[in-house]
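First up is the structure itself, then whatever we jot down about it.
A short reminder: the numbers here are calculations on the coordinates, not readings from a lab. This one's a predicted model, so the numbers in the text were calculated from it and none came from an experiment. Note that we place each Cβ from the backbone using ideal geometry, even for glycine, and neighbour counts take in every protein chain shown.
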Amino acid sequence: MVAPLSSNTALAVKQLSKIYPLYAKPTDRLLELLLHRRRHTPFVALDQLSFSLAKGRTLGIVGENGSGKSTLLQLIAGTLTPSSGQIHRQGKVLALLELGIGFHPDFTGRQNLFFYADILGLSRQYLQSKLTEIIEFSELGVFIERPLKTYSTGMKMRLAFALVASLEPDILIIDEALAVGDVHFQKKCIDRMMDIRAGGCTILFCSHSSYQVSMFCDEVIWLKAGRMQMHDTPARVLPHYEAYQLSKDCPPAELQAGHGGTPALITALEILSPLPLQPHGDLSIRIVVECPRPDTPYHVSLSLKLEDGRGVYVTATHLQGMAPLQGLHREIYIHFPALPLLAGIYILHARAFDDQGLLVYHEKLITDLEILKTSEERGFLKLAHQWQIA
């Protein structure tokens, strides 16, 4: 039995493990049952995981595919049973996991809302009071009366997120759901999640976007092969995780291609300073953003990276406390005086975000910023220093 949680703790996980038996062929399962002799190989999806989460905190979970992220979230949500260990939750838990979990393909969207509410133990009267809000948020229109099997993946996400985000949970679990759907609805989801977080909800957020995790979460768990590699602030965990990814020579994530409907499009990213740049030279950059709807607010960021993709510095309008930009056409100039970098090839990475600075609308790269070699010093940063020899 798990000891009662303190009044400030929303979730406690202790020595949590999940092990699956893997059989070489279906008959091995039957033979194991009849002969009482093991004929499977145990696969440890999650191994002796322990942590706690305070109320109102947002926990990000990162890790490569197969690291145990979804298994952990399903165990906390109660859709999986642990092999060993304990989970203690305080308050109502709602989860947006694999799209379509809890829905029936032959039921209409409206019927599935009531069906899933029954699974969650919610009263029909309560759901009825929220129904108009849920349907309006989903923007499904006439499809709300059509069978789920006629829905696209993005439409299923609309239905699931609209339901979960309207039910005022104490603990909300979101597993990669925001990677699906068009930019407009992703923006609605981001805004709703910000509102939910501001209301004091405890959130577990799983995403492959390190940037979203860094901006949205208070703390991060990095899972590797079912074990906890790190649990700390985003500023401490994410650089280690990204360095690990780079060490595997993972290809960088594809940049968004500015597909139809993108609210803000970077049409130009250029270096105005003569290249190659001299050490301690000034660096001036111009970014042009086009916005089809001039009343759409957005932010812009610029990252300076090493040739292998590791970050050196990032600045952004929202990180500087500036108001979101608006307008059909904006030209942005960024000037770095006496850039303290040593010789090498660097990357410039510009992004356009939503007004929360979370959802990437579009991005563009320059991969050949060269700084000349004029000394034998090593590294990438010129640090002011003095030698004194006695």
Original post:
So what is the relative contact order for the chain, in percent, with contacts set as C-alpha pairs under 8 Å and at least six apart?
Top reply: 14 percent
Original post:
Given the pairs Lys14/Lys156; Lys18/Lys149; Lys18/Lys130; Lys18/Lys187; Lys69/Lys92, which are separated by over 25 angstrom at their Cα positions?
Top reply: Lys14/Lys156; Lys18/Lys149; Lys18/Lys130; Lys18/Lys187
**OP:** Report, ordered by chain and residue number, the lysines lying within cross-link reach of Lys305, taken as a straight Cα distance under 21 Å and ignoring same-chain residues fewer than 8 apart.
**Re:** Lys248, Lys364, Lys373, Lys382
**OP:** Report the antiparallel proportion of the DSSP beta bridges in the chain as a percent, rounded to a multiple of 5.
**Re:** 75 percent
Original post:
Can you sort Phe161, Phe185 by how many other beta carbons sit within 10 Å, fewest first?
Top reply: Phe185, Phe161
Original post:
How far is helix 153-164 tilted off the main Cα axis of the chain, in degrees rounded to 10, range 0 to 90?
Top reply: 70 degrees
Original post:
Given the range 265-371, what percent of its DSSP beta bridges are antiparallel, to the nearest 5?
Top reply: 95 percent
Subject >> Using alpha-carbon coordinates, inclination of helix 234-247 to the longest axis of the chain, degrees >> reply: 80 degrees
Subject >> MRE, 222 nm, helices only [DSSP H, n ≥ 4, -39500 (n - 2.57), over the chain, to nearest 500] >> reply: -7500 deg cm²/dmol
Subject >> Paired Rg and Dmax values of the range 28-105, which use every Cα atom, in angstrom >> reply: 16.3, 51
**OP:** For a footprinting-style exposure proxy, rank Arg39, Arg351 by other Cβ within 10 Å, fewest first.
**Re:** Arg39, Arg351
**OP:** Go through 374-380, 303-309, 73-79, 194-200 and give me the packing order, highest mean Cβ count within 10 Å leading.
**Re:** 73-79, 303-309, 194-200, 374-380
**OP:** Enumerate the amide H contacts of Ile173 below 5 Å, restricted to partners 5 or more residues apart or on another chain; note that Pro and chain-start residues carry no placed amide H.
**Re:** Leu94, Ala95, Leu96, Leu204
Original post:
Taking the alpha-carbon centroid of each part, what is the distance from the range 349-364 to the range 163-228 in angstrom?
Top reply: 17 Å
Subject >> (1) -0.55, -1.03, -1.59; (2) -0.67, -1.07, -1.40; (3) -0.73, -0.97, -1.21, with the label sought being that of the calculated log10 I(q)/I(0) by the Debye sum over Cα atoms at q = 0.09, 0.12, 0.15 Å⁻¹ >> reply: (2)
